[in-house]
1. Give a residue-ordered list of calculated ³J(HN,Hα) values for region 28-43 (Karplus: 6.51 cos²θ - 1.76 cosθ + 1.60, θ = phi - 60°; whole Hz; x for Gly, Pro).
2. What's the exposure ranking of SER70, SER95, going from fewest to most Cβ atoms within 10 Å?
3. In what order do MET77, MET59, MET132 fall by count of nearby beta-carbon atoms within 10 Å, going from fewest to most?
4. What GluC sites (Glu not before Pro) in region 31-68 are in a loop by DSSP, with at most 15 other Cβ atoms within 10 Å of the Cβ?
5. Normalising by the residue count of region 27-95, find the relative contact order in percent from Cα pairs under 8 Å and 6+ residues apart.
6. Counting other Cβ atoms within 10 Å of each Cβ, which chymotrypsin sites (Phe, Trp or Tyr not before Pro) in region 63-155 have at most 11 and sit in a DSSP loop?
Amino acid sequence: MAAKKKTTKKAAVQKPEAAPKEKKLGLFDIIGELSYGKNDLIRSSEDPEVAIKSYTPFMVNKSFSFHLSSIFDANFMNEMSHVDPLLQHDYYMGSLRPEKRFSKWFKQEDNDTLNILARHYECNLKRAQEIMSVLTDDQIRDIVVIYENTGGVSKR
């Protein structure tokens with residue numbers, strides 16, 4: 001007879017199951033719910049004090065200002081910027097009709113010449129715009145040529 005192998009089973013160690021983590025509430029989640037879903041994500045979250053921190057009144061107002069149906073509400077909330085963010089949230093919950101409000105956010109176009117001038121004069125883009133209006137086309141072209149020839153390093 002063949003010898004039987006002794007196998008010992010180790011008791012399976014069961015790890016306690018972790019509670020499912022709540023998805024972090026984002027700004028665009030809140031804007032979507034205020035606009036269309038009408039679910040109060042802030043008060044229904046596990047920790048409303050943390051959730052209210054993701055509500056940025058300026059950004060929410062900016063988002064709603066892109067749409068004709070909500071531009072007056074956004075303007076009113078801009079005038080009431082001193083009001084608590086939770087109250088602003090409640091105003092939007094009650095005043096906006098459910099509607100999908102999705103639009104592209106406006107972004108400043110990237111201007112290579114302006115970036116080169118800002119780097120050359122070591123200033124911000126607004127100041128570089130002012131400098132650009134004072135310089136002649138030949139002067140701007142000379143600065144751009146310097147940066148193109150040196151790989152972005154000024155020979156000052």
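Throughout, read-outs are computed from the coordinates displayed, never taken from laboratory work. Note that the coordinates shown come from a computational prediction; the quantities given were computed from them, not determined experimentally. With ideal geometry, Cβ positions are generated from the backbone for all residues, glycine too; neighbour counts draw on all protein chains shown.
1. The phi angles translate into 6, 5, 5, 4, x, 6, 5, 7, 10, x, 6, 9, 7, 5, 6, 6 Hz.
2. Arranged by neighbour count, lowest to highest, SER70, SER95 become SER95, SER70.
3. Least crowded to most crowded, the residues run MET59, MET132, MET77.
4. The qualifying sites are GLU46.
5. Averaging sequence separation for qualifying contacts and normalising by length gives 31 percent for region 27-95.
6. Of the chymotrypsin sites (Phe, Trp or Tyr not before Pro), the ones in loops of region 63-155 whose Cβ has at most 11 other Cβ atoms within 10 Å are TRP105, PHE106.
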